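Engineer: I'd like to ask some things about the structure below.
Every number in this text was worked out from the coordinates using simple rules, so none of it is lab data. Computed from a prediction, not measured in an experiment: that's the story for all the values here. Note that we place each Cβ from the backbone using ideal geometry, even for glycine, and neighbour counts take in every protein chain shown.
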Amino acid sequence: MRKDCVARELTREMIVGAFMVMIFLGMGYFTIILSRETWFSRKQHMDVMFKNVMGLREGNNVVVRGMPVGKIDSLVLEGPWVRLRLVLDDGLEMKKDYEIRIVATSILGGRYLEIREGSESLPTLPLTSRFVGHEPYDLMADAAAVINKARTELVEGGAIDNFKRVLEQISAVIARVEAGEGSLGKLLSKDATLYNDVAGTVEALRDVVEGLQRGEGTLGRLMSEDDQLYNDLAAIVASLKEVTAKIERGEGSLGKLISDDGVYVEVEEMMKDVRATLDDYRETAPIVTFTSIFFGAF
Amino acid sequence: MVTREPEYFPPAENFVAQLGRHVIFFCRAVGQGGLLFLQAVLAMRFALTKRARQEIIVQMFVSGIKSLGVITVVALFTGMILALQTGIELSKFNQEVNIGTAVMVSMLREMGPFMTGLILAACVGSAMAAQLGTMVVSEEIAALEIMSIDPVRFLVMPRLVAMSIMTPLLAFYTCIIGVIGGGIVGASQLGVSWVSYIDNATRFAGAKDLYVGLFKALLFGVVITILSCHEGFATTQGAVGVGYATRKAVLVSFLHVLILGYFVTRLFYV
């Protein structure tokens, strides 16, 4: 009987103990996971000075090249500065042209510290150096400035008035179209005349194009695969080019006429003679006519 | 004397007198509860004695291990409901992958301790009140006092120690089961893989969420034990009184779990 009691107590103790051990192990595991601590890696500390930390808090992440490498351990006011003490994974090397800035996680809030180590060619700074962070980039302030500028442009810059005018013009155009005025209005109205005309034109154009495709007509033959007409035209153009070249060289009568001043002068003299002859003829013609009539009567 | 003799009062003459009587009774109950707690804490110096240890183990077994079944079912379905409700809404924005975060944070911060508190108040608190109430009406407590055995040390302290240890552990267990329940719903009905679910669940929850939840559960355990034992010791009028004490213990424990949960959240997160 007593043995049974002892065994029962031992069983209870064992069950309770096993449950507690399991839960404590789970809690330990969760503590490590949720606190995101890497307890077994070496740590290094670094102090960064900021003029303004924009709501950065203890425990916020420190990120290098997009990878979390540590946390903000503490923030302390120090004169005009805020001293941030960072706990970082081992291996970070800060170069002379380093950059440290506070970045907003999202527009809804949240901050992290971004570190850019700097150029590899430059000398390495010890982590005990006094590092200074850049002024934070205030996303909300920038957004507010953009909104204010947009509002100023819209209200004071007359953009709204312009927009209203454009809308009024569009309304007027639409009203005209609805009333069936203009080509577009007629095209959209119930009167099918314009549509029929356009359709007829399109049909005619299609016939023309089809004729061209079949090689009908001069243009069609010109566009067809048969090169005869093209060759003829090319030969004519070549002949014309040759004639033009001869004229330019002063060959032939026409060429001489254009290039040789002597021919021009002779032609001009001849034209003067012809004009004088015609004047003489014009003057003598009535006398001759009268004389012919007079002597003809006898 | 932790037990009380039946008290008979003439009917209150008017509303103000009745109200005043309720205020006085309330203050007296708070004082008795506080004193009971102090006595139990003082008696903890005997917690490592062999007899006390055995009793504590028994109470841990009764309040913790025997509640595991119901806690498992409640926690599993709580997590599943949380995942389903949030997943349905988040899937409208193609964000159902974030159910892990919602389930984990809500379970760690609130639902785990709260559900554990309610279950323990209903299962263990009522049993405590009924057991102590029965002992009172059968004058076993009076017998203990006559034998110079401190009923608080003998009965309340082991229960308080057991509940103080087991409630946070059970709350953590509830959280784990709830998160597993959420993962089952995520994988089977919302198309969220286990890897994504766990990754999301652990990304946004912090160690603070875990420890504040456990602290809340510890407070719940203490409050449920003290209230239930107090109501048990205050039992009068035989079997009817036992039933009344049990009902009142559960009711008051529920209310305290809710109110205390709010204030702890307010204390740590606002």
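Engineer: Largest first and in whole Å, give the semi-axes of segment B:1-112's equivalent ellipsoid, each being the square root of 5 times a Cα gyration tensor eigenvalue. Intermediate values should be presented prior to the final figure.
Structural biologist: Details: eigenvalues 384, 161, 32 Å².
Semi-axes (√(5λ), whole Å): 44, 28, 13.
Engineer: Between the helical axis of A:228-249 and the dominant principal axis of chain A, each derived from Cα atoms, what acute angle in degrees is found, rounded to the nearest 10?
Structural biologist: 70 degrees
Engineer: Restricting everything to alpha-carbon atoms, can you work out Rg to Rh for chain A with a Kirkwood hydrodynamic radius?
Structural biologist: 1.53
Engineer: A further question follows. Going by amide H atoms built from the backbone, whose H comes under 5 Å of the H on residue B:192, apart from near neighbours?
Structural biologist: B:187
Engineer: Once Rh for segment A:1-105 is found with the Kirkwood sum over Cα pairs, what is the Stokes-Einstein diffusion coefficient at 4 °C and 1.567 mPa s, in µm²/s?
Structural biologist: Here the translational diffusion coefficient equals 74 µm²/s.
Engineer: On the first, second and third principal axes, largest extent first, how far apart are the outermost C-alpha atoms of segment B:169-270 in Å?
Structural biologist: Rounded to whole Å, the extents work out to 58, 32, 19 Å.
Engineer: Just want the ordering: B:216, B:66, from fewest to most Cβ atoms lying within 10 Å of their own Cβ. Intermediate results must be reported in sequence, preceding the final value.
Structural biologist: Working: B:216 28, B:66 14.
Ranked by crowding around the Cβ, least crowded first: B:66, B:216.
Engineer: Binned at 10 Å from 0, what are the whole-percent values of the Cα-Cα distance distribution for segment A:99-199, short to long?
Structural biologist: Percent of pairs per bin, in order: 12, 18, 14, 14, 12, 11, 10, 6, 2.
Engineer: Here is a further query. Students often forget the sequence filter, so: which lysines lie under 30 Å Cα-Cα from residue A:164 once same-chain residues fewer than 8 apart are removed?
Structural biologist: A:149, A:186
Engineer: Any idea what the dipole of segment B:15-269 comes to, in debye rounded to 20, about its Cα centre with Lys/Arg Cβ at +1 and Asp/Glu Cβ at -1?
Structural biologist: Values: 17 positive and 11 negative charges, 73 e Å.
For this selection, approximately 360 debye.
Engineer: Translational D (Stokes-Einstein, µm²/s) of segment B:15-269 at 25 °C and 0.890 mPa s when Rh comes from the Kirkwood sum over C-alpha pairs?
Structural biologist: Value of D from the Cα-based Kirkwood radius: 126 µm²/s.
Engineer: Explain nothing, just compute: Karplus ³J(HN,Hα) = 6.51 cos²θ - 1.76 cosθ + 1.60, θ = phi - 60°, for every residue of segment B:125-141 in order, whole Hz, x for Gly and Pro.
Structural biologist: x, 5, 5, 4, 4, 5, 5, 5, x, 5, 5, 5, 5, 8, 6, 5, 5
Engineer: Same structure, new question: Please give the per residue volume of the convex hull enclosing the alpha carbon atoms of the protein assembly as shown, rounded to a whole number of Å³.
Structural biologist: Expressed per residue, the convex hull around the Cα atoms of the protein assembly as shown is 561 Å³.
Engineer: In degrees from 0 to 90, rounded to the nearest 10, what is the angle of the helix A:2-35 Cα long axis to the longest principal axis of chain A?
Structural biologist: 40 degrees
Engineer: Then there is this: Quick check for chain B: number of Lys pairs with alpha-carbon distance under 30 Å, counting only pairs 8 or more apart or on different chains? Before the final figure, lay out each step's value.
Structural biologist: On the way: B:50/B:66; B:50/B:216; B:66/B:208; B:66/B:216; B:66/B:248; B:208/B:216; B:216/B:248.
Count of close lysine pairs: 7.
Engineer: Next up: Angle, helix A:159-178 long axis vs. longest principal axis of chain A, Cα atoms, 0 to 90°, nearest 10?
Structural biologist: 50 degrees
Engineer: Taking chain A as a Gaussian network, Cα atoms linked when under 10 Å apart, which of A:230, A:195, A:281 shows the biggest mean-square fluctuation?
Structural biologist: A:281
Engineer: Explain nothing, just compute: Karplus ³J(HN,Hα) = 6.51 cos²θ - 1.76 cosθ + 1.60, θ = phi - 60°, for every residue of segment B:17-23 in order, whole Hz, x for Gly and Pro.
Structural biologist: 5, 5, 4, x, 5, 5, 4
Engineer: Could you pull out the longest piece of chain A with no exposed loop trypsin sites (Lys or Arg not before Pro) in it, calling a site exposed if DSSP puts it outside H, G, I, E, B and it has at most 14 other Cβ atoms within 10 Å? Could you put the intermediate results ahead of the total?
Structural biologist: Working: sites that count: A:36, A:42, A:51, A:57, A:65, A:96, A:130, A:190.
The longest such stretch corresponds to A:191-298.
Engineer: For segment A:43-139, evaluate the Debye formula with one uniform point scatterer on each Cα (no solvent term) and list log10 I(q)/I(0) at q = 0.17 Å⁻¹, rounded to two decimals.
Structural biologist: For segment A:43-139 at q = 0.17 Å⁻¹, log10 I(q)/I(0) is -0.69.
Engineer: Projected area of segment A:208-286, taken from the Cα convex hull and averaged over every viewing direction, in nm²?
Structural biologist: If you wrap the Cα atoms of segment A:208-286 in a convex hull and average its projections, you get 10.0 nm².
Engineer: Going by how many other beta carbons lie within 10 Å of each one, how would you line up B:123, A:5, fewest first?
Structural biologist: Details: B:123 17, A:5 9.
Fewest to most other Cβ atoms nearby, the residues stand as A:5, B:123.
Engineer: May I pose another question? Which of the aspartates and glutamates could a cross-linker bridge to residue A:272, judged by Cα under 20 Å and excluding same-chain residues fewer than eight apart?
Structural biologist: Once the sequence-local aspartates and glutamates are set aside, what remains near residue A:272 is A:260, A:261, A:280, A:283.
Engineer: Can you list the residues, at least 5 places off or on another chain, whose amide H is less than 5 Å from the amide H of residue A:63, using H built in the peptide plane?
Structural biologist: It is A:69, A:113, A:114, A:115, by chain and number.
Engineer: Going by amide H atoms built from the backbone, whose H comes under 5 Å of the H on residue B:206, apart from near neighbours?
Structural biologist: Result for residue B:206 returns nothing.
Engineer: Given the options A:242, A:117, A:168, state which has the largest fluctuation in a GNM of chain A using a 10 Å cut-off (strictly under) for Cα springs.
Structural biologist: With Cα springs under 10 Å in chain A, the top fluctuation among A:242, A:117, A:168 is at A:242.
Engineer: In addition: I need A:201, B:236 ordered by Cβ neighbour count within 10 Å, fewest first. Don't skip to the end; give the middle numbers.
Structural biologist: Details: A:201 10, B:236 17.
Taking fewest neighbouring Cβ atoms as first place, the list is A:201, B:236.
Engineer: What list of whole percents do you get for P(r) of segment A:140-268, with Cα-Cα distances grouped in 5 Å bins up to the one holding the largest distance?
Structural biologist: Percent of pairs per bin, in order: 2, 8, 7, 6, 6, 6, 6, 6, 7, 7, 7, 7, 8, 8, 5, 2, 1, 1, 0.
Engineer: Can you tell me which lysines have their Cα less than 16 Å from the Cα of residue A:256? Leave out same-chain residues fewer than eight positions away.
Structural biologist: Straight-line reach from residue A:256, under 16 Å: A:246.
Engineer: Kindly write out, for segment B:256-261 in residue order, the coupling ³J(HN,Hα) from the Karplus curve 6.51 cos²θ - 1.76 cosθ + 1.60 (θ = phi - 60°), rounded to whole Hz, with x marking Gly and Pro.
Structural biologist: Once rounded to whole Hz, the list reads 5, 4, 5, 5, 5, x.
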